[in-house]
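To start, the structure under review is shown below, and the notes come after it.
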Amino acid sequence: MWFAYIDESKDNGKFYIYTALIIKGDGWADTFAKVKDFRRLLRDEHGIYMAQELHAWKFVAGKGQIADHPILKPERAEIFRKVLRFIAGSNRFNVMSSCNVNEQYAFERLMNRINRTAQAKKQNVLLFFDQGEEAEMTRRIRRMRVHNPIPSRFGSWLGTDKATKSIPLSNCVEDPIFKDSKASYFIQLADFCAYALLRMERPLASKTALGYDTMYEELKPCSRRVTNASDPRGMGIIR
């Protein structure tokens, strides 16, 4: 069983990112312990409260009392990169991401790739989302589990003259589970990954000056490159 923690980041409603942070369910307790140890490290080195939610865009913008002293933007950028390096170097996570100008496409393509990869590995997946859109996300997943038309890359599916074929989310089991991101280290980590991809795909000069346009590349060691072999960055980003 896999657990997939999914969060989004967007650019003024014109560009959408969905990122899944995937862990093995039977290793959850050990993975959580490692994440907790990492949060202790951030507390010891930077004063960041362990119970404080690290929300990516607020963190980058310098908002929130996250520590026992002010943490300025350059140090926050250093911490942000440190978070991504922890994800990549822990040997506990796989990262999958999708981006598109169409929010529905970005979401559905990531779900399809998670499901397809789970099928290939003979795994089932539990999906975890941040709270806030419970009814809509549940409706989407239930629909895709029953009827999920996938367009053929070649114009029509082999042996048919049909451009689409229904491939339900058979390996994404149960309804999605919703967690308050304030109480979920894993959702917070997924949020950091999604924001890093947003700033790579849609850079802002003020953030590029602090290196945010290159931070997603830290995740190469744990990126599922097979999800999109044609990704020019070699990270399997679904576009």
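The values are calculated or read from the model by the stated rules, or taken from the named source; none is laboratory data. None of the values given here were measured: they were computed from a predicted structure. In this analysis, Cβ positions are derived from the backbone assuming ideal geometry, glycine residues included, and neighbour counts consider all displayed protein chains. SASA here: full protein model, heavy atoms, side chains in, ligands and nucleic acids out. Shrake-Rupley method; radii C 1.70, N 1.55, O 1.52, S 1.80 Å.
A few remarks follow.
- Only one residue of Leu169, Trp57, Leu219 has its Cα farthest out toward the positive end of the dipole of the chain, where Lys and Arg carry +1 and Asp and Glu -1 on Cβ, and that residue is Leu169.
- Computed log₁₀ I(q)/I(0) - Debye formula, equal Cα scatterers, no solvent, segment 55-142, q 0.11, 0.18 Å⁻¹: -0.50, -1.05
- Using only side-chain charges placed at the Cβ, +1 for Lys and Arg and -1 for Asp and Glu, the dipole size of segment 2-134 relative to its Cα centre rounds to 460 debye.
- For segment 166-176, putting each phi into the Karplus relation 6.51 cos²θ - 1.76 cosθ + 1.60 with θ = phi - 60° gives couplings of 7, 10, x, 6, 6, 9, 8, 8, 6, 6, x Hz, in residue order, rounded to whole numbers and with x for Gly and Pro.
- Carbon + sulfur, % of accessible area of the chain - ligands and nucleic acids excluded, 1.4 Å: 51 percent
- The calculated FRET efficiency for Glu45 paired with Arg139, based on their beta-carbon distance and R0 = 35 Å, is about 0.25.
- Calculated mean residue ellipticity, 222 nm, the chain: -12500 deg cm²/dmol, from DSSP H runs (n ≥ 4) at -39500 (n - 2.57) each, averaged per residue and rounded to 500.
- J(HN,Hα) series, segment 92-108, from Karplus relation 6.51 cos²θ - 1.76 cosθ + 1.60, nearest Hz, glycine and proline x: 10, 10, 10, 10, 10, 9, 9, 9, 6, 6, 9, 4, 5, 5, 4, 5, 5
- For segment 1-73, the solvent-accessible area of protein heavy atoms averages 51 Å² per residue (probe radius 1.4 Å; ligands and nucleic acids excluded).
- Of interest is the spacing of the C-alpha centroids, which for segment 84-143 and segment 1-55 amounts to 14 Å.
- Nearest 10 degrees, 0 to 90: helix 73-89 Cα axis against the chain principal axis: 50 degrees
- Helix 28-46 axis, angle to the chain major axis (alpha carbon atoms, nearest 10°): 30 degrees
- Excluding ligands, DNA and RNA, the accessible surface per residue across segment 85-124 is 47 Å² with a 1.4 Å probe.
- In terms of Cα atoms, the Rg and Dmax of the chain work out to 18.1, 65 Å.
- Environment charge at Lys24 (Cβ cut-off 15 Å; Lys +1, Arg +1, Asp -1, Glu -1): +3
- Our estimate of slack between Lys14 and Lys121, defined as 0.36 nm per intervening residue step minus the Cα-Cα distance, is 35.1 nm.
- Debye, to nearest 20: dipole size of segment 176-223, +1 on Lys, Arg Cβ, -1 on Asp, Glu Cβ: 100 debye
- Here the average projected area of the convex hull drawn through the C-alpha atoms of segment 20-88 stands at 4.9 nm².
- Rounded if a/c under 1.5, otherwise prolate or oblate - segment 164-239, Cα gyration tensor axes: oblate
- Partners of Lys73 within straight-line reach, counting lysines whose Cα lies under 20 Å from its Cα and excluding those fewer than 8 residues away in the same chain: Lys58, Lys63, Lys82, Lys207.
- Residues whose amide H lies under 5 Å from that of Ile238, counting only those 5 or more places away or on a different chain, are Ser97, Ser98, Cys99; hydrogens are built 1.01 Å from N in the peptide plane.
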